[in-house]
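Asks: Here it is, the structure, as structure tokens.
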There are 4 protein chains.
Amino acid sequence: MSKPKIFSLPVRVYFQDTDAGGVVYHASYLNFMERARTEWLRTYGYSNAGLMKEFGVVFVVRSLKLDYLKPAQLDDLLDVTAQVKEAGRSRVSVLQTVRRGHEVLTEAEVHLVCVSLESFKPVSVPEVLSEQWKK
Amino acid sequence: MSKPKIFSLPVRVYFQDTDAGGVVYHASYLNFMERARTEWLRTYGYSNAGLMKEFGVVFVVRSLKLDYLKPAQLDDLLDVTAQVKEAGRSRVSVLQTVRRGHEVLTEAEVHLVCVSLESFKPVSVPEVLSEQWKK
Amino acid sequence: MSKPKIFSLPVRVYFQDTDAGGVVYHASYLNFMERARTEWLRTYGYSNAGLMKEFGVVFVVRSLKLDYLKPAQLDDLLDVTAQVKEAGRSRVSVLQTVRRGHEVLTEAEVHLVCVSLESFKPVSVPEVLSEQWKK
Amino acid sequence: MSKPKIFSLPVRVYFQDTDAGGVVYHASYLNFMERARTEWLRTYGYSNAGLMKEFGVVFVVRSLKLDYLKPAQLDDLLDVTAQVKEAGRSRVSVLQTVRRGHEVLTEAEVHLVCVSLESFKPVSVPEVLSEQWKK
């Protein structure tokens, strides 16, 4: 079994991401992580809009855990990673980190569910994705 | 002709609204103003969802002008106002301010267009609203 | 030992809180929860700015867990709660929920650390707060 | 006199930038424009943090005008431009557009003031910038 690939997206910190504490606002990391998950999905050939149009599905966040280890700051150039931890019929767990060089600033586990756009109920992950995630 | 009523919504400033400059981030004022316009619309008996369901329309921002006079800060309790400036067939201009006590912090003019949910093209403002705005 | 009080803040959902999936964006719940924690703190007599000025401290999020059970929607009037789960020397765990009437939409556990504004290192929670949280 | 250079930053649209109307939320364009202005500033050799540290100044938005011509949508890859319109002692006006291919979606004029970090009062734009902006 091969090791799952780690996808990484560079993300710059702007004023819009920070707060009056002088560092990145804690909810902004979720935005960074959504960007990374979307670009990671794109490496499999699918945009959000594409998944909706072609399969009538969308991935929604079912639960998440986040550890804030060190604060990111204005102008930092971060690397935001995404990597499959575990894939099920309608679910996938994604490990994500936010790094600045070799420092890990944030660690997260994000549980996604593939739901039907019509019913908002769980449906099978499209095979083109699940086949690659289960490797 | 009667003077148009000024609607006012109290808005508290949280960390999420501020940036590393120590004050409210400039785009956050647009959020405050959207909240005020929505509650102002509600004084006429309509929620956003209600307008969509009953009339198949939504108000979208067509253009805006904003003057930032003084910065708002963490924990400030602001008053965000909304008041009709001019109403047309499918348009309405709204004057908005952000105040802290007697100080005016931000002044804005927001031009809204009533569009069809289906075509996204301009349609007449529902009469229940336009009748009151033209007074 | 008395049961810890549950604080609750009403929060309205606006367009700014939603996404193209038609429901509230998952990171927006963190914003709602920050608002509730801030107002909950205020019931003890302290604003964020007040804590900074009087004690030179600020509460930062160290980790969090979130379960998304049902989606909130545009125009919903939500109740966002906050309640002490456990309080330590420089830490406090807060249970938070987002409800719509009797439905629980989101459940969270947020771990805060009290840090010095100067060093960003953990320091004791001011006694005026810790005394009440340990009851 | 040479024509002012037009800087352009590619920006991808994610769920976080959209709203329940199915398109990009109107305030999100201000975020896109802040990112473009920051990277445009970086082409002159200065980050926000660098300006603060080296000169003790920060650029704040004094006023802005925005025209929303066509909506941007989920997954769009936009180009966000920035270009000096007029430069004064402590001020600079920046023309900005948001484009999708050849379509102009949004046009804006943003007036910035260079203020002292200490007093928040207008001060001269650092010469390294003003010299290039006045060309």
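Laboratory data are not the source of any read-out in this text; all were calculated from the coordinates shown. Everything numeric here is computed off the predicted structure, so don't read it as measured data. Quick reminder, even Gly has a Cβ in these numbers, built from the backbone with ideal geometry, and neighbours come from all protein chains shown.
Asks: Residues that are within 14 Å of chain B (Cβ to nearest Cβ), farther than 24 Å from C:Pro71 by Cα, of a type in the set (Phe, Trp, Tyr) and in contact (Cβ under 8 Å) with a residue 12 or more places away in the chain: does the stretch A:12-33 have at least one?
Replies: Yes, the stretch A:12-33 contains a residue that is within 14 Å of chain B (Cβ to nearest Cβ), farther than 24 Å from C:Pro71 by Cα, of a type in the set (Phe, Trp, Tyr) and in contact (Cβ under 8 Å) with a residue 12 or more places away in the chain.
Asks: Which one of these does D:Asn48 not meet: (1) surrounded by 19 or more Cβ atoms within 10 Å (Cβ to Cβ); (2) touching a residue at least 24 places away in the same chain (Cβ under 8 Å)?
Replies: With respect to (1) surrounded by 19 or more Cβ atoms within 10 Å (Cβ to Cβ); (2) touching a residue at least 24 places away in the same chain (Cβ under 8 Å), D:Asn48 is out only on (2).
Asks: I need the full set of residues from the stretch A:1-17 which are closer than 25 Å to D:Pro10 by Cα and not in a helix (DSSP H, G or I), in order please.
Replies: Listed by number, the residues that qualify are A:Ile6, A:Phe7, A:Ser8, A:Leu9, A:Pro10, A:Val11, A:Arg12, A:Val13, A:Tyr14.
Asks: Let me ask another. Please pick out the residue among A:Arg37, A:Arg91 that is more than 14 Å from chain B (Cβ to nearest Cβ), out of contact with any helix residue (DSSP H, G or I) (no Cβ under 9 Å at 6 or more places or on another chain), within 22 Å of C:Leu69 (Cα to Cα) and in contact (Cβ under 8 Å) with a residue 60 or more places away in the chain. Before the answer, list the steps.
Replies: Details: A:Arg91 fails: in contact (Cβ under 8 Å) with a residue 60 or more places away in the chain.
The match here is A:Arg37.
Asks: Further question: Let me confirm something: among B:Ala108, B:Ala72, which residue is touching a Leu at 6+ places or on another chain (Cβ under 7 Å) and within 21 Å of D:Val24 (Cβ to Cβ)?
Replies: B:Ala108
Asks: Exactly one condition in (1) touching an Asp or Glu at 6+ places or on another chain (Cβ under 6 Å); (2) within 7 Å of another protein chain (Cβ to nearest Cβ); (3) surrounded by fewer than 23 Cβ atoms within 10 Å (Cβ to Cβ) is not met by C:Leu9; state its number.
Replies: Just one mismatch for C:Leu9, condition (2).
Asks: Right, something else. Taking the stretch C:29-85, which residues are under 13 Å from C:Leu95 (Cα atoms) and in contact with a Gly (Cβ under 8 Å, 6 or more places away or on another chain)?
Replies: none
Asks: Restricting to the stretch D:64-82, count the residues that are within 25 Å of B:Thr106 (Cα to Cα) and either within 14 Å of chain A (Cβ to nearest Cβ) or in contact (Cβ under 8 Å) with a residue 60 or more places away in the chain (or both). First the steps, then the outcome.
Replies: Just the residues of the stretch D:64-82 that are within 25 Å of B:Thr106 (Cα to Cα), to begin with: D:64-69, D:82.
Narrowing the set further to residues that are either within 14 Å of chain A (Cβ to nearest Cβ) or in contact (Cβ under 8 Å) with a residue 60 or more places away in the chain (or both) leaves D:82.
Summing the residues that are within 25 Å of B:Thr106 (Cα to Cα) and either within 14 Å of chain A (Cβ to nearest Cβ) or in contact (Cβ under 8 Å) with a residue 60 or more places away in the chain (or both) in the stretch D:64-82 gives 1.
Asks: Oh, and also: Can you pull out the residues in the stretch A:73-107 that are surrounded by 21 or more Cβ atoms within 10 Å (Cβ to Cβ), farther than 19 Å from A:Phe59 by Cα and among the small types (Gly, Ala, Ser)?
Replies: Those that are surrounded by 21 or more Cβ atoms within 10 Å (Cβ to Cβ), farther than 19 Å from A:Phe59 by Cα and among the small types (Gly, Ala, Ser): none in the stretch A:73-107.
Asks: To continue, here is another question. What do you reckon, is C:Val58 of a type in the set (Val, Ile, Thr) and more than 8 Å from every other protein chain (Cβ to nearest Cβ)?
Replies: no
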